[in-house]
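Let me begin by presenting the structure, written as structure tokens, before commenting on it.
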Amino acid sequence: MTQGLLMVNTGNGKGKTTAALGMAMRAAGHGLRVCIIQFIKGSWHYGELDGIQAFNGLIDIHVMGKGFTWKSEDLTEDTRLAQEAWKFAAKTIDSGNYHTVILDEFTYLFHYNMLNMDDCLDRLKKRPPEQHVVITGRYAPQELIDSADLVTEMREIKHPLKTGIKAQKGIEF
């Protein structure tokens, strides 16, 4: 019997999404279906989109929103898109079609007050009992941390951007 876990990857360090994608690969390697819903990646192209094709339909990915919120010129529109994305995610979770659902960069929607925390946590508690959900992003609120079964904090100790080395293909994207 599988006990579904609510897992959170948070913190200021690099690797939150990367760790979640590793879990997606692990599940797909066992023939289990995974859905990744990315909340604020927008139209930027990154390697995960191409790499997922190798998993023969076991990993579905949905890129929601239109970009990084702190660069937005229309927070009202971003909030509307975030709420639509959450409705899609809730339906995906409720469907029971996936072993694991990854809500990538989801914590930002709470940080920017785009979603109601209590409503989201209630929906997550009502998910299929064997389903795993992984949430990534900085600024995980305490209520989410308290509700989770597993919380990992990525802590930046040293990062090449601080020495002027720009983001690189295959590392940051």
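The values are calculated or read from the model by the stated rules, or taken from the named source; none is laboratory data. From a predicted model like this one, the values you see are computed outputs, not experimental measurements. Cβ: placed from backbone, ideal geometry, glycine included. Neighbour counts: every protein chain shown.
Summary of computed values
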| read-out | value |
| --- | --- |
| Qualifying residues in region 31-64 (those that are in a loop (DSSP other than H, G, I, E, B) and at pLDDT 95 or above) - the one farthest from residue 82 (Cα to Cα) | 31 |
| Failed item, numbered, when residue 112 is tested on (1) out of contact with any Pro (no Cβ under 8 Å at 6 or more places or on another chain); (2) under 30 Å from residue 30 (Cβ atoms) | (2) |
| Some residue of region 13-26 being farther than 20 Å from residue 137 by Cα and without any contact (Cβ under 8 Å) to a residue 12 or more places away in the chain | yes |
| In region 82-110, the residues that are closer than 25 Å to residue 32 by Cβ and among the hydrophobic types (A, V, I, L, M, F, W, C) | 85, 86, 88, 89, 90, 93, 101, 102, 103, 106 |
| Subset of region 122-164 (residues that are loosely packed, with under 13 Cβ neighbours inside 10 Å, farther than 18 Å from residue 106 by Cβ and not aliphatic (A, V, I, L, M)) | 129, 130, 155, 156, 158, 159, 162, 163, 164 |
| Exclusive hit being under 23 Å from residue 11 (Cα atoms), small (Gly, Ala, Ser) and surrounded by fewer than 17 Cβ atoms within 10 Å (Cβ to Cβ), set 89, 167 | 167 |
| Of all residues making up region 99-139, the number that are without any contact (Cβ under 8 Å) to a residue 60 or more places away in the chain and within 22 Å of residue 11 (Cα to Cα) | 11 |
